[in-house]
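Novice: Mind having a look at this structure? Questions to follow.
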Amino acid sequence: MNNENSLLRPQLRYVDVFPVPGEQGKQSFGIRDPQHVSDKVLRLQAEAAYALQFFDGRHTLPEIGTAYREKYGIEFPLELLEQLCQLLDQGYFLISDNFENHYRRLVASFHQASVREAFHAGVSYDENPAALNEALGRLFARPAGPGLPEARDPDRRIPGIVVPHIDLRLGGPAYAWAYKELAESESPELFVILGTGHNATRNPYVLTRKRFATPLGEVPVETEFISDLEEIHGGELFEDELAHRSEHTIEFQVLFIQQLFGNGIPVVPVLCSFSYANPGDGPAGESIERFTDALRNLIAEDDRRICLIASADLAHVGPRYGDADGFSGEELDAVKRADREMLGYVERVDAEGFRGYLAEEGDRRRICGFSPIYTMLKSMRAERGRVVAHDHGEMDPIGSICSFASVVFE
């Protein structure tokens with residue numbers, strides 16, 4: 001499809017549209033690319049944001065104007081539609097030649113790199129190494145944190161932890177509760193980091209062999225383990241490797257590994273992207289079964305101390321995520337009670353019970369960390385887990401909430 005035709009019948013890419021408090025009480029919306037193919041954030045008045053529902057690749061601009069008038073009873077001038085279309089295309093928010101060319105350049109550049117550079121340094125955390133180390137240390141401080149790690153117990157091994165991936169400024173102490181116990185146990189010799197893949201991928205799992213860099217240095221990747229996973233699983237586990245470029249869920253865990261264990265312990269970075277409905281029949285379910293079988297068997301055959309890290313947040317509720325109203329008080333308490341019921345299955349290392357709980361409720365709380373937690377529970381050899389932290393963060397001023405927890409397994 002050439003650029004002229006794509007703009008004649010514009011098709012919006014998958015984007016994140018979220019409410020933004022407007023000036024003088026006037027509603028507006030922000031638009032951003034969750035895949036970070038575009039680094040732009042657009043702010044649109046409500047009228048323009050409402051028009052995006054017709055940017056489906058089927059309506060011409062005059063037809064969008066007609067559909068808008070029929071639905072809202074007001075005119076959206078063609079000239080303004082053309083300007084909106086141009087703005088979206090320049091920002092790579094439309095499926096067009098402009099976007100495709102930009103995307104191919106990104107893929108080629110990432111493919112050629114041997115290192116996955118820190119994407120969120122200077123934005124989500126300090127890019128100065130000394131300041132970053134100090135900031136990470138403060139997350140352990142009481143009363144919100146557990147205190148700094150003490151002496152290691154050489155007789156204690158932790159096969160896995162669940163930790164949040166929420167912004168460190170909102171949920172950092174919850175990370176610390178799990179990492180303190182890990183730092184006080186016998187040091188792992190390999191970390192398998194199961195990160196939540198927030199963007200849809202063609203395979204439920206995506207691997208990379210690229211070393212992970214942060215302001216604290218580079219962490220090696222265990223390429224032989226990754227090759228064994230690929231060989232046993234079969235199928236294409238690198239097809240959407242670009243997803244690793246901007247995903248924060250592994251990058252945040254690497255920071256804690258570096259701070260507590262240095263840069264010598266290798267990692268296996270795995271992005272997990274599937275819903276509670278996928279582990280059944282069909283190609284996705286078969287891929288999940290093959291991968292978890294392969295991971296479990298490789299761990300059993302490996303003489304090293306291996307720790308699985310599931311980088312997972314829990315409930316996402318409120319207007320930002322599609323609910324009509326914000327959550328606070330009794331509504332928020334109910335969400336967190338459901339969290340604890342669900343986490344009971346995690347503590348019992350019951351993968352199917354965990355999935356069944358979400359299936360029964362229809363995942364109405366939008367548990368974004370389902371896939372890494374499920375993968376961990378299917379692959380890890382552990383007797384029981386223990387919730388060591390459970391909290392929530394306020395994502396905006398209008399009651400959008402993300403809950404999260406840390407779980408330590410023995």
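The values are calculated or read from the model by the stated rules, or taken from the named source; none is laboratory data. In this text the structure is predicted, and so the values were computed from the model without any measurement. Because the Cβ atoms are built from the backbone with ideal geometry, glycine has one as well, and the counts that use them run over all protein chains shown. Surface areas here come from the heavy atoms of the whole protein model, side chains and all, with no ligands, DNA or RNA. Shrake-Rupley method; radii C 1.70, N 1.55, O 1.52, S 1.80 Å.
Novice: Apply the Karplus parameterisation 6.51 cos²θ - 1.76 cosθ + 1.60, with θ equal to phi minus 60°, to every residue of region 270-284 and state each ³J(HN,Hα) to the nearest whole Hz, in sequence, with x for glycine and proline.
Specialist: Residue by residue, region 270-284 yields 10, 8, 10, 9, 7, 9, 4, 7, 6, x, x, 6, x, x, 5 Hz.
Novice: Modelling each spin label as a point 7 Å along the Cα-to-Cβ direction, I'd like the residue 231/residue 383 distance in nm, to one decimal.
Specialist: Spacing of the two 7 Å Cα→Cβ label points: 3.5 nm.
Novice: I've got another one for you. Explain nothing, just compute: Karplus ³J(HN,Hα) = 6.51 cos²θ - 1.76 cosθ + 1.60, θ = phi - 60°, for every residue of region 138-150 in order, whole Hz, x for Gly and Pro.
Specialist: Listing the rounded values in order: 5, 5, 7, 5, 6, x, 5, x, x, x, 5, x, 10 Hz.
Novice: Efficiency by 1/(1 + (r/R0)^6): what FRET value for residue 331 and residue 187, r their Cβ-Cβ distance, R0 = 45 Å, to the nearest 0.05?
Specialist: Efficiency, rounded to the nearest 0.05: 0.60.
Novice: Provide, in order from the shortest bin, the percent of all Cα-Cα pairs of region 60-204 in each 10 Å bin, continuing until the bin that contains the maximum pair distance.
Specialist: Taking all Cα pairs of region 60-204, the binned fractions are 9, 21, 24, 18, 15, 10, 4, 0 percent.
Novice: Which of these, 78, 88, 194, has the largest mean-square fluctuation under a Gaussian network model of the chain (Cα springs below 10 Å)?
Specialist: Result for the chain, Cα springs under 10 Å: 78 fluctuates most.
Novice: More than 21 Å apart: what percent of Cα pairs in region 139-270 qualify?
Specialist: 44
Novice: Sticking with this one: Report the semi-axes of the equivalent ellipsoid for the chain in whole Å, largest first, where each axis is √(5λ) for an eigenvalue λ of the Cα gyration tensor.
Specialist: Semi-axes (√(5λ), whole Å): 38, 24, 21.
Novice: Please work out the average accessible area per residue across the chain, using the 1.4 Å probe convention, and give it in Å².
Specialist: Value returned for the chain: 45 Å² of accessible area per residue.
Novice: On full extension of the chain, what length is gained from residue 340 through residue 170, given 0.36 nm per residue of separation minus the C-alpha to C-alpha distance?
Specialist: Taking 0.36 nm per residue and subtracting the Cα distance, the gain is 59.2 nm.
Novice: OK, next. In Å and whole numbers, how far do the C-alpha atoms of region 240-321 stretch along each principal axis, longest first?
Specialist: The principal-axis extents, from largest down, are 38, 37, 24 Å.
Novice: Okay, next question. Please give the per residue volume of the convex hull enclosing the alpha carbon atoms of region 263-410, rounded to a whole number of Å³.
Specialist: Taking only Cα atoms, region 263-410 has a hull volume of 129 Å³ per residue.
Novice: Inverting the mean 1/r over all pairs of different Cα atoms, compute the Kirkwood radius of region 175-215 and quote it in Å. Can you show the working numbers first?
Specialist: Working: mean 1/r = 0.0747 Å⁻¹.
Hydrodynamic radius (Kirkwood, Cα pairs) of region 175-215 is 13.4 Å.
Novice: First obtain the Kirkwood hydrodynamic radius of region 183-334 from its Cα pairs, then insert it into the Stokes-Einstein equation at 25 °C and 0.890 mPa s, and state the resulting D in µm² per second as a whole number.
Specialist: Values: Rh = 17.0 Å.
For the chosen part, D equals 145 µm²/s.
Novice: Still on this structure, I have one more. Peptides 234-241, 264-271: what's the order by average Cβ count within 10 Å, highest mean first?
Specialist: The densest-packed peptide leads the list: 264-271, 234-241.
Novice: Right, something else. Using a probe of 1.4 angstrom, how much of the accessible area of region 269-410 is carbon and sulfur, in percent?
Specialist: 42
Novice: So how do 114, 403 rank on accessible area, 1.4 Å probe, biggest first, that is with the largest at the start?
Specialist: Output order, biggest surface exposure first: 114, 403.
Novice: With every atom except the alpha carbons ignored, what do you get for Rg and Dmax of region 323-410, in angstroms?
Specialist: So, for region 323-410, Rg and Dmax equal 13.6, 42 Å respectively.
Novice: Still on this structure: Separation of region 367-382 and region 114-160 by C-alpha centroid, Å?
Specialist: When both Cα centres are located, 22 Å separates them.
Novice: A follow-up question, please. For residue 214, tell me the accessible area in Å² from a 1.4 Å probe, rounded to the nearest 10.
Specialist: About 20 Å², ignoring ligands and nucleic acids.
Novice: Taking a temperature of 10 °C and a viscosity of 1.306 mPa s, what whole-number D in µm²/s does Stokes-Einstein yield for region 42-84 with Rh from Kirkwood over alpha carbon pairs?
Specialist: D, rounded to a whole number, is 153 µm²/s.
Novice: Carbon and sulfur together cover what percent of the accessible area of region 186-228 at a 1.4 Å probe radius?
Specialist: Using a 1.4 Å probe with all protein chains present, region 186-228 comes out at 42 percent carbon and sulfur.
Novice: Taking H placed 1.01 Å from N in the peptide plane, check which residues at least 5 places from residue 313 or on another chain put their amide H under 5 Å from its amide H.
Specialist: Correct list: 165, 369.
Novice: Considering the alpha-carbon set of region 144-217 alone, what are its Rg and its Dmax in angstrom?
Specialist: Expressed in Å, the Cα Rg and Dmax of region 144-217 come to 14.9, 44.
Novice: What Kirkwood hydrodynamic radius, in Å, does region 1-147 give when the mean of 1/r is taken over all pairs of distinct Cα atoms and then inverted?
Specialist: Kirkwood hydrodynamic radius for region 1-147: 18.2 Å.
Novice: Further question: Skipping prolines and chain starts, which residues have an amide H placed within reach, meaning under 5 Å, of the one on residue 274, given they are 5 or more residues away or on another chain?
Specialist: Amide H neighbours of residue 274: 371.
Novice: Over the Cα atoms of region 185-240, what is the Rg over Rh ratio if Rh follows Kirkwood?
Specialist: Expressed as Rg/Rh, it is 0.99.
Novice: I need the shape label for region 110-163. Rule: rounded when a/c is under 1.5, else prolate if a/b > b/c, else oblate, with a, b, c from the alpha carbon gyration tensor.
Specialist: On the way: a/c = 2.67, a/b = 1.43, b/c = 1.87.
Since a/c reaches 1.5 but b/c is at least a/b, the shape of region 110-163 is classed as oblate.
Novice: Moving on. Read phi for every residue in region 44-59 and hand back ³J(HN,Hα) as whole Hz from Karplus 6.51 cos²θ - 1.76 cosθ + 1.60, θ = phi - 60°, with x for Gly and Pro.
Specialist: In residue order, the calculated couplings are 10, 5, 4, 4, 5, 5, 5, 5, 5, 4, 9, 7, 10, x, 10, 9 Hz.
Novice: With the full set of protein chains in place, find how many percent of the accessible area of region 62-159 is carbon and sulfur; take the probe as 1.4 Å.
Specialist: Its accessible area is 52 percent carbon and sulfur atoms.
Novice: May I ask for the angle, rounded to the nearest 10°, between helix 97-112 and the longest principal axis of the chain, with both axes built from Cα atoms and the value confined to 0 to 90°?
Specialist: 20
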